[in-house]
Amino acid sequence: MTMVSQFSGLLTTMKKLAVCAVLIFACISVNAETKEFDKLSKIKDVEVTHVNKDMIKLAAQAGTGIHLGETINLDDDSGEILNTINEIKVFHCEKKKAMDELKNKTLKLLKNKKWNPLIDTKSDEGQIKIYQAKEGEQNTNVVFVMQEDEAVVVVIDGTFDITKMMGMDNDGDDDNDEDEEDNDDEEQD
């Protein structure tokens, strides 16, 4: 019996190690997606703001939300959203040459097939692109905004799912489609 119990104990230990390894590789994979954007900080005239998990946790506890200039405002009195965010990186510039380089490098990074485009709009006022990469429960969300006088790239990493905040499922379809169908049925009655 001792041989069987030793073998069983070894299998249990190996299972625990395998689960830990999978979790570590998942975290490294998502973190690597965030690190790709660190290259943007090397562009001349690009300002970088990094908010780490500790600062986000303090903001969640205080119920103040996170406000990074005029660009980023995550109001969250309950801390519910902030508790799902591990880090935020903001790349900002206002000089034309830097803006063009930031745009080109960001779009090059987002062409990788792991990025799911959620929103892509362009108007006279500017351009907005929102992308998401998902690895299990971990998400990396990228918001790219380009206007005539400034460009901003925001990278949000954690379990925060921007599709849920926007009322979309993971395929980018709007959840309000069912409501519209219900309204159409009511109009026919």
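Annotations for the structure displayed:
- Only listed residue being more than 19 Å from D38 (Cα to Cα) and among the hydrophobic types (A, V, I, L, M, F, W, C), chosen from A62, A151, A133: A62
- Against the numbered list (1) open to solvent by 50 Å² or more (accessible area, probe 1.4 Å); (2) within 20 Å of V152 (Cα to Cα); (3) modelled with pLDDT of 85 or more; (4) over 17 Å from the mean Cα position of the chain (by Cα), N86 comes up short only at (4).
- Matching residues, region 47-83, being touching a His at 6+ places or on another chain (Cβ under 7 Å) and either open to solvent by 70 Å² or more (accessible area, probe 1.4 Å) or free of Cβ contacts under 8 Å to residues at least 60 places away in the same chain (or both): E47, N73
- Condition broken by I128, with the remaining ones in (1) open to solvent by 40 Å² or more (accessible area, probe 1.4 Å); (2) β-branched (V, I, T); (3) in contact (Cβ under 8 Å) with a residue 40 or more places away in the chain; (4) within 25 Å of G167 (Cβ to Cβ) satisfied: (3)
- Pairing residues of region 100-119 that are at negative phi with residues that are exposed (fewer than 14 other Cβ atoms within 10 Å of the Cβ) and in a strand (DSSP E or B), at Cβ distances under 8 Å and at least 6 apart in sequence or on separate chains, gives L110/P117.
- Assessment of region 27-36 against the conditions (at pLDDT 90 or above, touching a strand residue (DSSP E or B) at 6+ places or on another chain (Cβ under 7 Å) and open to solvent by less than 50 Å² (accessible area, probe 1.4 Å)) yields no matching residue.
- Residue match in region 166-182 (condition: among the hydrophobic types (A, V, I, L, M, F, W, C), modelled with pLDDT of 90 or more, in a loop (DSSP other than H, G, I, E, B) and out of contact with any helix residue (DSSP H, G or I) (no Cβ under 7 Å at 6 or more places or on another chain)): no
- Among the residues of region 131-160, those identified as among the polar types (S, T, N, Q), crowded, with 17+ Cβ neighbours inside 10 Å and over 17 Å from T49 (Cα atoms) are Q132, Q138, N139.
The values are calculated or read from the model by the stated rules, or taken from the named source; none is laboratory data. Computed from a prediction, not measured in an experiment: that's the story for all the values here. Methodologically, a virtual Cβ is constructed for each residue, glycine included, from the backbone with ideal geometry; neighbour enumeration extends over all protein chains shown. Note: accessible area is taken over every heavy atom of the protein model, side chains too, but ligands, DNA and RNA are not part of it. Shrake-Rupley method; radii C 1.70, N 1.55, O 1.52, S 1.80 Å.
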